[in-house]
Amino acid sequence: MNGRADRNDAREGAMAAFSLSAAAIALAVIAACIIAGAYIMPPSSLKTGDTGDTMAGIRNSSVTLPAPRTSGTIPVEQALAARRSVREYADSPLDIAGLSQLLWAAQGITGTGGLRTAPSAGALYPLEIYAVCGNVTGLSPGVYRYIPDSHALEPVIGRDVRDDLYLAALQQAPVRDAPAVIVIAADYDRTTCKYGERGIRYVHMEAGHASENIYLQAYALRLGTVTIGAFDDNGVRSVLGLPQNQTPLYLMPVGKAGTRYVRA
Ligand SMILES: Cc1cc2nc3c(=O)[nH]c(=O)nc-3n(C[C@H](O)[C@H](O)[C@H](O)COP(=O)(O)O)c2cc1C
């Protein structure tokens, strides 16, 4: 009897020890998952699997933009007459519909065969448009590439880079203060492969067309913008994670004008 009781005690002791160590292992696994999750899971502000850096993985989850409007209440003559560069912005967000309209004005598709709002030598379209978003309603902070064909945004970087962009832009305050900055970059090869050296001037002309479209559209949306050409090319390229074959040409901060701006 005693021998069996001893064996039972020993078995129960072993079972209890096993249960305790199993519970400890389970707790350890749960804790490890929680800790790992804190690093692996994206911040709640991100819609994608981005960890905050340039990642090929997040490029799959593009953001469809609201459809652009093709009519408005402000005649183009009025926008031409009253457009001014605006360098101070209200501390209020830009809404995604406004951003959508500005991107469409820059390079949106308007014709069969992929023809766009702005003219392009040989319809080769060397421009790439990026949106640097810090305070845009309906969009997580980050850098996005505009995709004209689908009127969508492809996430490139999943965090607000406006402070870094401001430093690369020789500390021009509009870049830091605007809720978003539209960047016009170019891949020269798309045009020079057909037009040789002359293609370089064509690309610069096209950046001007896109920039003026943004100015006029911004005015019609009661927004302000300024076209900025003074910045460190490699600094901007690095902040935005641009490929080496793309050169940034213009930065255009956009937002509601500050109170000191008197709209004509
Ligand atoms: C090629 C180019 C580069 C420019 N670069 C800057 C710039 O780096 N910073 C800035 O504040 N404005 C810049 N501007 C905006 C001009 O200063 C502005 O257009 C000019 O003062 C005329 O004012 P308006 O646009 O209100 O008519 C630039 C304009 C152009 C066309």
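The values are calculated or read from the model by the stated rules, or taken from the named source; none is laboratory data. From a predicted model like this one, the values you see are computed outputs, not experimental measurements. Cβ sites come from the backbone with ideal geometry, for glycine too, and all protein chains shown count toward neighbours.
Within the stretch 61-82, the set of residues being among the polar types (S, T, N, Q) and assigned to a strand (DSSP E or B) comprises just one member, 64. Among the candidates 92, 100, the residue that is closer than 17 Å to residue 255 by Cα and assigned to a helix (DSSP H, G or I) is uniquely 100. Restricting the stretch 123-153 to residues that are of a type in the set (Ser, Thr, Tyr) and assigned to a strand (DSSP E or B) leaves a set whose member that is nearest to residue 201 (Cα to Cα) is 130. For the structure I just gave you, tell me whether residue 201 is touching a residue at least 24 places away in the same chain (Cβ under 8 Å) and of a type in the set (Lys, Arg). Against the criterion (touching a residue at least 24 places away in the same chain (Cβ under 8 Å) and of a type in the set (Lys, Arg)), residue 201 does not qualify.
Conditions tested, residue by residue: (1) surrounded by fewer than 24 Cβ atoms within 10 Å (Cβ to Cβ); (2) in contact (Cβ under 8 Å) with a residue 60 or more places away in the chain.
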{"site": "142", "(1), (2)": "no, yes"}
{"site": "159", "(1), (2)": "yes, yes"}
{"site": "165", "(1), (2)": "no, yes"}
{"site": "177", "(1), (2)": "yes, yes"}
{"site": "180", "(1), (2)": "no, yes"}
{"site": "197", "(1), (2)": "yes, no"}
{"site": "213", "(1), (2)": "yes, yes"}
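Taking the conditions (1) more than 16 Å from the chain's Cα centre (by Cα); (2) at pLDDT 95 or above in turn, residue 184 satisfies each one other than (1). Taking the stretch 208-230 as the range and being closer than 12 Å to residue 183 by Cα and not hydroxyl-bearing (Ser, Thr, Tyr) as the test, the residues that pass are 210, 214, 226, 228, 229.
Quick one: would you say residue 259 is outside any helix (DSSP H, G or I) and among the hydroxyl-bearing types (Ser, Thr, Tyr)? Here the answer is yes, as residue 259 does meet what is asked. Screening the stretch 154-206 for helices (runs of 4 or more DSSP H) wholly inside it with 3 or more residues that are of a type outside the set (Val, Ile, Thr) and within 16 Å of the ligand (Cβ to nearest atom) returns the ranges 162-168, 173-177. Considering the stretch 225-251, and only residues there that are in a strand (DSSP E or B) and more than 10 Å from the ligand (Cβ to nearest atom), the residue that is nearest to the chain's Cα centre (by Cα) turns out to be 248. Of all residues in the stretch 110-137, those being in contact with a Lys or Arg (Cβ under 6 Å, 6 or more places away or on another chain) and closer than 15 Å to residue 208 by Cβ number 1.
Of all the residues in the stretch 214-224, those that are away from the ligand (no atom under 12 Å from the Cβ) and either hydroxyl-bearing (Ser, Thr, Tyr) or in a loop (DSSP other than H, G, I, E, B) (or both) number 3.
Please tell me if residue 54 is within 20 Å of residue 137 (Cβ to Cβ), surrounded by 12 or more Cβ atoms within 10 Å (Cβ to Cβ), among the hydroxyl-bearing types (Ser, Thr, Tyr) and at pLDDT below 95. Spelling it out, it is not the case that residue 54 is within 20 Å of residue 137 (Cβ to Cβ), surrounded by 12 or more Cβ atoms within 10 Å (Cβ to Cβ), among the hydroxyl-bearing types (Ser, Thr, Tyr) and at pLDDT below 95. Take the stretch 126-144 and flag every residue that is aliphatic (A, V, I, L, M) and within 8 Å of the chain's Cα centre (by Cα). Hits for the stretch 126-144 are 131, 132, 143.
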